[in-house]
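Presented below is the structure to which this report refers.
The values are calculated or read from the model by the stated rules, or taken from the named source; none is laboratory data. On a predicted model such as this, the values are computed, not experimentally measured, just so you know. Just so you know, the surface numbers come from the protein's heavy atoms only, side chains and all, with ligands and any DNA or RNA stripped out. Shrake-Rupley method; radii C 1.70, N 1.55, O 1.52, S 1.80 Å.
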Amino acid sequence: MQRRDKHNYYLDIAETVLLRGTCLRRNYGAIIVKNDEIISTGYAGAPRKRKNCIDLGYCLRQRLNVPRGQRYELCRSVHSEVNAIISAPRRDMIGATLYLVGREASDGQYIKDAICCTMCKRVVINAGVETVVIRDDEERFRIIDVQTWVDNDDLAETVDPSMGY
């Protein structure tokens, strides 16, 4: 038997975490690791004491046919990355790695080209996370240096400064 590599080991754990997700559209699981120690975990779900989409029986973004990557303010869920970050002390996140796995709720397939949304990228940057590892399939993954999200500020190029704050 061949030993599982470290990245896939942690991605496997993040994949187990996503099973707690309550989204009817897509479920993500995240874990934050530093010095080979799991600092925290997070999955997509409504804020504490609010009803989840699985409780309501519908996803508003799905009902409105909102395309992936748009109108996240309509989503009931706190994203898995944010849930993992708010559950961890900042001192432990500085220089840490966030592992992220996403699956479609409808068929369980891995989410093609999964990536943190723009809002989650901001939170990951501010938390001090250094690296994000995202699963593409059972064996393959991408490693992202968070500094590239700082250097390639996607909002700076798309916002018209004349629109004000």
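Descriptive notes on the structure:
- Amide H contacts of S40: I32, each under 5 Å away and 5 or more positions distant or on a separate chain (H built 1.01 Å from N in the peptide plane; Pro and chain starts excluded).
- Shown here is the pair-distance distribution of the range 31-145: with all Cα-Cα distances grouped in 5 Å bins from zero up to the longest one, the shares run 2, 11, 20, 23, 20, 14, 8, 2, 0 percent.
- Placing I144, I125, I94 in order of accessible area, with the largest value first and a 1.4 Å probe, yields I94, I125, I144.
- Sequentially through the range 96-109, phi angles give Karplus couplings (6.51, -1.76, 1.60; θ = phi - 60°) of 7, 10, 9, 9, 9, 10, x, 9, 5, 5, 6, 10, x, 5 Hz, Gly and Pro residues having no value and appearing as x.
- Estimated vicinal HN-Hα couplings, Hz - the range 47-59 in sequence order (Karplus 6.51, -1.76, 1.60; Gly, Pro = x): x, 3, 6, 9, 6, 7, 4, 5, 6, 6, x, 7, 10
- Alpha carbon centroid spacing (whole Å) that separates the range 1-32 from the range 121-154: 16 Å
- Carbon/sulfur fraction of accessible area - the chain, other protein chains in place, 1.4 Å, %: 49 percent
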